[in-house]
Amino acid sequence: QVHLVESGGRLVQPGESLRLSCEFSGRFLTSYAMGWFRQAPEKEREFVSVIMWSDGSTNYADSVKGRFTISRDIGKSTVYLQMNSLKPEDTAVYYCAAGFGYRDHNDYDFWGQGTQVTVSS
């Protein structure tokens, strides 16, 4: 059992930046992937970014590549999502996940409660 808690979501204006955090605890395996997903109202949950905890390799959705950066702090058991040049289309509930997954949300076993990001003027 892995427990994850996201934080950092808030209301921001287009073009601004925001950093989300996800701290985990419990029976975590270093072979896990740590993913960020988002879900807007009446839309499917979509992949944003993923980092392999063991070696730090990363992958991004085309919609956020060049604007978002995923990273990890091993000592703090935390994964971050740095979001720059935010657009209204980025508005969603952002979730972090852990497990033997990659870009498909169905492949992850553990999920956080989500944090709301709203980009509006």
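Run through the range 51-97 and list the trypsin sites (Lys or Arg not before Pro) located in a DSSP loop whose Cβ has at most 14 other Cβ atoms within 10 Å. Write out the running numbers ahead of the final one.
On the way: sites: Lys65, Arg67, Arg72, Lys76; in loops: Lys65, Arg67, Lys76.
Passing both the DSSP loop test and the Cβ count: Lys65, Lys76.
The distance between label points at Arg67 and Gln1 comes to 3.8 nm (points 7 Å beyond Cα on the Cα→Cβ vector). Rolling a 1.4 Å probe over the protein heavy atoms of the range 38-119, with every protein chain left in place, gives an accessible area that is 44 percent carbon and sulfur. Looking at the chain, the pairs of alpha carbons with a distance over 20 Å make up 35% of the total.
Quick check: the distance between the Cα centres of the range 68-111 and the range 1-35, to the nearest angstrom? What the calculation gives is 6 Å, centre to centre.
How large, in Å, is the range 63-121 by the Kirkwood hydrodynamic radius built from its alpha-carbon pairs? Spell out each step's value before the answer.
Values: mean 1/r = 0.0764 Å⁻¹.
This gives a value of 13.1 Å.
Set Lys and Arg Cβ to +1 and Asp and Glu Cβ to -1, take the dipole of the chain about its Cα centre, and tell me which of Ser63, Trp36, Ser77 lies farthest positive. Of Ser63, Trp36, Ser77, it is Ser77.
Using Cα-only point scatterers and the Debye equation, what is log10 of I(q)/I(0) for the range 32-73 at each q in 0.19, 0.27, 0.29 Å⁻¹, rounded to two decimals? Rounded to two decimals, the profile gives -0.57, -0.94, -1.02.
Provide the per residue accessible area, probe 1.4 Å, for the chain, rounded to a whole number of square angstrom. Each step should come with its number before you reach the end.
Numbers: 6340 Å² over 121 residues.
I get 52 Å² per residue for the chain.
The values are calculated or read from the model by the stated rules, or taken from the named source; none is laboratory data. Note that the structure is predicted; figures quoted are calculated from it, not measured. Ideal geometry is used to build each Cβ from the backbone, glycine not excepted, and the neighbour counts take in all protein chains shown. Quick note on the areas: whole protein, heavy atoms, side chains included, nothing else; ligands and nucleic acids left out. Shrake-Rupley method; radii C 1.70, N 1.55, O 1.52, S 1.80 Å.
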